[in-house]
Each structure stands twice: as structure tokens, then as C-alpha cells.
1. How are the alpha carbon pair distances in region 104-147 distributed across 5 Å bins from zero to the largest one, expressed in percent?
2. Give me the distance between the Cα centres of region 228-258 and region 13-62, rounded to whole Å.
3. Considering only 288, 393, 111, give the residue with the highest GNM mean-square fluctuation for the chain, with springs between Cα atoms whenever their separation is below 10 Å.
4. Between residue 358 and residue 66, with labels modelled 7 Å along Cα→Cβ, what's the label distance in nm to one decimal, could you check?
5. Express the relative contact order of the chain as a whole percentage, based on alpha carbon pairs under 8 Å and six or more residues apart in sequence.
6. Please tell me the relative contact order of region 327-378 in percent, rounded to the nearest whole number, where contacts are Cα pairs under 8 Å and at least six residues apart.
7. Based on the mean of other Cβ atoms within 10 Å per residue, sort peptides 99-107, 277-285, 250-258 so the most packed one is first.
8. Taking region 124-197 on its own, what percent of its Cα-Cα pair distances exceed 16 Å?
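No value in this document is a laboratory result; all are computed from the given coordinates. Here the structure is a predicted model, which is why all the values come from computation and not from measurement. Virtual Cβ from ideal backbone geometry, glycine too; neighbours counted across all protein chains shown.
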Ligand SMILES: *Cc1c(COP(=O)(O)O)cnc(C)c1O
């Protein structure tokens, strides 16, 4: 399987190279050159989750089937649960992994791949997080020999418990709080990758959602969702920030998974909904919202979504629908879901709100629950007036000291930190 740099299509590499480089030349994104529709979707849907996911990923990556099976079973060692809320609306719970967020799927598969592909040279995983990526990456790489993970995050813009979940591990996990917003953190990562000397000396690699291994891993649970629905094609509603998760749904659809419609929900950082409405790409300053993992106004996976639409031969506005849900509607959604007996974090609640606004009669709808409600306990408590019980993974880190370094939002400070650390 060849992977092509979408910005420079003459750069074509195999899966291992795409994973190790993270980004292509000129900051281009790698993407499978061709996604061939699968022959027998029904038989695939009948398989157990890990076996099916290994088949899918072997096909998408070109990995040997036995190796794919080994990597997938190491990475996906926790369940995907789909809960029916009645009225053919379903919650796809992706937060049963170690960091309690869907990013565990991608991060753990990526860590398994890099462990497999590394040949003893020093490797530094450099990534920016608006919250959940950090925890997923930290846990996925914690204790992996020869790999250091460096995680940047916007100071004061992620939930305190979230910060505890990944900034207390130590060992080969280094965390840096940046006095800037997430988009700046993301820009710093890109600048570090553009510094060839730094990149070479430290063996820089990205674990951000720009890494194609993470993206492809996420294709797996869309198949699981449809399998649990008994094969009916649902409308998927994905709470979106960098649009990696939506891209994975698009890849699943290109493989032939029955998907009725694809819906991307955003918060007030609504670059994509506005773009689909009027064709103008006009990111505005990022604003802080309750769904802070989605506080992104320049979603860096969007070129991949556009590529999928181009290959499907439909205008982007027909390929994908995107709606923005503000904080008031998000807290309303938390209250309404709670009244119906379902506790949802702000990101998941926002996706539910967008889904029920858009779902038509006779359609099945699936909204993605991307984080455990306890990760956003402060918001839930403010909204519902009661405490959320902490799952063991969070209770264990609550009183540990934060180990983060702190830097201003400029590349020189980051470079110094990376070289000294
Ligand atoms: C990262 C994240 C998202 C957004 O996913 P993208 O792939 O960046 O669009 C949504 N919800 C939660 C909880 C997240 O951590």
C-alpha cells in the first residue's frame, strides 16, 4: 500500500515510512493513495472486533496479516460499547481505554507501530494537545524503551483533571504547558518539524492526529458500530476539532461501510460549518468553549476530508454536513440526556444535539461519545449540580503533583526545551 503526500503527490512512501515521518514534505499530509472498496462487508461485520480491525488495517496499511493482528490486539485491549437511547439513536462509547477518551485507539495503535518499526535510534514523539490527545499519547508511550514523548498544551485551557491524567506520569513522558492557545501549540509543533537539524538530532516524530496510523486505527470502530446495529446504515455524528475522526469515518465509507450520512458537529469554532455554507475558508480567532478538545479553528485534517470528497466525486458540501452547537445548547443537551438517563461529557452531548437536530424520520443515528463524563466533571457538576463519580484511572492521579515545564509560545523556547530536556 502506497501513501501519498497530499500537498506534494510526487512524494510516495510505504506505511512504515509515513508513520515514522509523521508529516510529508512542506507539511503535507500522508493519505492512502487508493482506498479499494472491500468485497464482502457482511462477512467482515460478522467477525469479532479485534479480528475484523486487524483485517481492515492489514488492507489499509499493507502490513502482514499476522503482524497486523499482533499490533491491533496489543492496541485495542478495551471494549467499544454502543448504547441505545431509544428512537433509533445510539451512543457509540469510545472512552473505555486507559485515558478515557477515543484517542486511545489511535495513540495505542501508533505506539504499537512505532515500537515495531523503530530500529534503536532515539525517537522523540512531539505532539500538541487540546486535552485528550496528551493523555492518550502519554499512556500509550509510557515505559516504551527508546522513545521519549513530549507533549505541548495550552496553559489553563484544559480541564485540571485532564492535566493530571497526563502530566503526572514522568519517566519518558515530558509535558510542557505553553502560554498560548492550542492553535499556537500546533503551529509550534509544525515549526519544530520544519527545523531539519532538530528533527534529525532528536528523531522527531508526531503522534498528532496528522499521523496516518492514528487516523486509520479509528476506521475500526465505525465498522463495529454498524456491526452492533446489525448492518443498518446510520447517520454518524462526530464531535469535531481537527477533523481526524470524521476523516476516519470517510475512509470507512470509502471501504464500503454502509453510512447514510456524515455529520460533523463543532462548537463555536465553526470554520467548517461556515465554509460549507458559503465556500469561504475564513478561520477566526479560537474561542474557549465547554468542549475544549474541539477549540480549534484551523482543523488540520481538512485536506484529507476534501480529498475523500474529490475521490467520491461529490462537492464537499454534499459529502459532509457540519453544524455548530454553542455552549448554551451543549449544557441543555447534558441536562436533556441526563433526564433521559444518560450521562454525557460536553463533546458527546454536543454531538447528540447536532444529531437530533438533523436526524430525519426513519433514519438510525449514532453519535460518538469521545470522552468519559468524569474527565469533564467540573462542567457536569456546574450543569447538573451533582458530583460525577471518578473512575479508578482518574481517582489514582488526582493528588499527584504536576510535572510540566512552562514556556512562552515561541519556537526558540521550545527548541531550547527540547534540546535541554
Ligand atoms: C480530540 C477530541 C475531539 C475531536 O476529534 P478530531 O478528530 O480532532 O476532530 C472530540 N472530542 C474529544 C473528547 C476529543 O478529545
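1. 5, 24, 34, 24, 11, 3, 0
2. Region 228-258 and region 13-62 have Cα centres spaced 15 Å from each other.
3. Its mean-square fluctuation being the largest, the pick is 393.
4. 4.4 nm
5. Computed value for the chain: 18 percent relative contact order.
6. 37 percent
7. Per-residue mean Cβ counts within 10 Å order the peptides as 99-107, 250-258, 277-285.
8. Every Cα pair in region 124-197 considered, those over 16 Å come to 44 percent.
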